[in-house]
Structure formats: C-alpha cells, structure tokens
Amino acid sequence: PPETADAIRQATGRVVAVGTTTARCLESAATGPRQVTPGPAATRLYIRPGFRFQVIDGLLTNFHMPRSTLLILVSAFAGYELIRRAYDEALARDYRFLSFGDATLII
C-alpha cells in the first residue's frame, strides 16, 4: 500500500523484512535506495549472491533447507560464510528448521 511505501521512504532506522517473501516483494518493488512502488505486481526476481539490496537492511526468517532458493536468498543478504556458521551453530544446538521452527534475525 502507499502508506507502506511512504513509511519505507521516510524510515530513519532499519527496514527489516519479516520473512523471505516480504524481502523479495520489497526488493521487487524497488526503484532506488529505500524507494518502492506501491501496488500489486508479479515478479520473477531471483535473489542470489551478488544481488544488491536496495530496500531492506534487516531480515527475520526461519532456518531453511539446504540448497533451497530461500537459503540462497538469505546467503545473498548476509553472506555465505556467516550463514554457514549460523547453521552449524543451529544444528549443534538442535534448533528446529522450516516453517514452525526457530528463526534468526539478521541485522
């Protein structure tokens, strides 16, 4: 909605996406740094390492399956090595994965 686009544009703090779908939607609507076009749209955006995020600078997300496009998006956001270490720690501590598991805040 236009109110959300205005809030993003006027934000002085972090813009944290809650979930990878939200991250993808916001980045798909990006027209520049912290600039988004409101309204319905379809996307074919595939976020992978090398992608330049324009809108979000934080991400709250679950722990995803290995080799999934969601894990690739998270790795694009935070870097492969950091995510690998976080996942190693999550496995060592028996964190739960997938939709009803534990989450991580990346800022």
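Structural remarks
- Within segment 1-59, tally of residues that are in contact (Cβ under 8 Å) with a residue 40 or more places away in the chain, under 18 Å from residue 105 (Cα atoms) and not small (Gly, Ala, Ser): 10
- Considering (1) closer than 26 Å to residue 9 by Cα; (2) in contact with a Ser or Thr (Cβ under 9 Å, 6 or more places away or on another chain), the lone condition that residue 90 does not fulfil carries the number (1).
- Qualifying residue in segment 17-36 (condition: modelled with pLDDT of 95 or more, in contact with a helix residue (DSSP H, G or I) (Cβ under 6 Å, 6 or more places away or on another chain) and within 24 Å of residue 100 (Cα to Cα)): yes
- Listing of strands (runs of 3 or more DSSP E) fully contained in the chain that carry 2 or more residues being loosely packed, with under 15 Cβ neighbours inside 10 Å: 30-32, 103-106
- Any pair with Cβ under 8 angstrom, 6 or more apart, that starts in segment 82-107 at a residue that is on the phi > 0 side of the Ramachandran plot and ends at one that is loosely packed, with under 13 Cβ neighbours inside 10 Å and at pLDDT below 95: 98/65
The values are calculated or read from the model by the stated rules, or taken from the named source; none is laboratory data. Note that the structure is predicted; figures quoted are calculated from it, not measured. A quick note on method: Cβ atoms are made from the backbone with ideal geometry, for glycine too, and the neighbour counts reach across all protein chains shown.
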